[in-house]
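Below: one structure, written as structure tokens.
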Amino acid sequence: MKYLLAFAGLLVAGPALAHITLETGSAPVGSTYKAVLRVPHGCKGAATTKVRVQIPEGVIAVKPMPKPGWTLETVKGKYDKSYDYYGTPTSEGVKEVVWSGGKLLDEHYDEFVLRGYLTKDLKADTTLYVPVVQECEGGAVERWIEIPAAGKVADDYKFPAPGVKLTPAK
């Protein structure tokens, strides 16, 4: 009975933990990072049909992984400043990645992958947040864009942006 109650408690707590998250929770600045965005559900029962990822400033040379059955689009633009990418000044690139046209049912789970270079300009011992907008059938939208204020953590928010802890360069 005790185990049944514990399992029931997990089922009740489960939806509160069902955020879009990053598979790898930390990475050093000055390195290439493979961002695996885990999408655990749709929008209130509706299937996911589009995933839009805003690329944070200081992440450059972004290359998304195509997904069978989905259309992949990148939106390019200028960075706030020029960054050094292995000796090459880089001042523009991918600012947003969009996967659309697929159908991820609410009861299924999937991953969306991209890689990018975490510039040395990013501050170690901080968390870099990656805002994601999830669009679903019927016009439902979940905006995973909340970035914690000082003294707060992602769990304090209903729709926290996924984050990666930046560590010192190796």
Inset, instruction - Could you please give the count of residues in the range 51-60 that are out of contact with any Pro (no Cβ under 6 Å at 6 or more places or on another chain) and open to solvent by 30 Å² or more (accessible area, probe 1.4 Å)? - result: 2
Legend entry - Odd one out for residue 63 among (1) free of Cβ contacts under 8 Å to residues at least 60 places away in the same chain; (2) touching a Leu at 6+ places or on another chain (Cβ under 6 Å): (2)
Legend entry - Of all residues making up the range 108-118, the number that are assigned to a loop (DSSP other than H, G, I, E, B) and touching a residue at least 60 places away in the same chain (Cβ under 8 Å): 1
Legend entry - Elements of type strands (runs of 3 or more DSSP E) contained in the range 127-170, each with 1 or more residues being of a type in the set (S, T, N, Q) and open to solvent by less than 30 Å² (accessible area, probe 1.4 Å): 132-136
Legend entry - Hits in the range 28-40 (condition: within 14 Å of the chain's Cα centre (by Cα) and either over 22 Å from residue 117 (Cα atoms) or open to solvent by less than 30 Å² (accessible area, probe 1.4 Å) (or both)): 33, 35, 36, 37, 39, 40
Inset, instruction - Being acidic (Asp, Glu) and open to solvent by less than 60 Å² (accessible area, probe 1.4 Å) is the filter; apply it to the range 64-110 and report the residue that is nearest to residue 33 (Cα to Cα). - result: 96
Legend entry - Any pair with Cβ under 8 angstrom, 6 or more apart, that starts in the range 37-49 at a residue that is under 20 Å from residue 162 (Cβ atoms) and ends at one that is charged (D, E, K, R) and open to solvent by less than 40 Å² (accessible area, probe 1.4 Å): 43/142
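The values are calculated or read from the model by the stated rules, or taken from the named source; none is laboratory data. Because the structure is a prediction, the values reported are computed rather than measured. Every residue, glycine among them, receives a Cβ derived from its backbone with ideal geometry; neighbour counts consider all protein chains shown. For the accessible areas, the whole protein counts, side chains as well, though only heavy atoms, and no ligand, DNA or RNA atoms are used. Shrake-Rupley method; radii C 1.70, N 1.55, O 1.52, S 1.80 Å.
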